[in-house]
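Readers should treat all values here as calculations from the given coordinates under stated rules, not as data from a laboratory. Since this is a predicted model, take the numbers as computed values, not measurements. Here the Cβ positions follow ideal geometry from the backbone for every residue, glycine too, while neighbour counts run over all protein chains shown.
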Amino acid sequence: MKTAVDFAPARGESRVQARVIEMIRRRFGRCEEELVRAGILDSLRSIELALELESEFGVSMDELHSHDMATLSCLCRRLVELGAAP
């Protein structure tokens, strides 16, 4: 299983990724690339995280979908697409 540090994000995502990793670790105790498969996120935790991401990055929770949160890289890429400041 890959951990959050086992891959390199695309440029522009690295600062967003660092903040997201810290948020997930603080809230759920650990962070891995496969957020859903690793059991870090389920439906309730996804909503909790989406609310925190909305507050932290100023993105609308309505713009985040479950498939955006399946992996750390998908989530960070989507946040950058939505205009999250790196």
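Miscellaneous remarks
- Summarising the label geometry, the points placed 7 Å from Cα in the beta-carbon direction at Arg30 and Ile47 lie 2.6 nm from one another.
- Gyration tensor (alpha-carbon) shape descriptor, the stretch 14-81, a/c threshold 1.5: rounded
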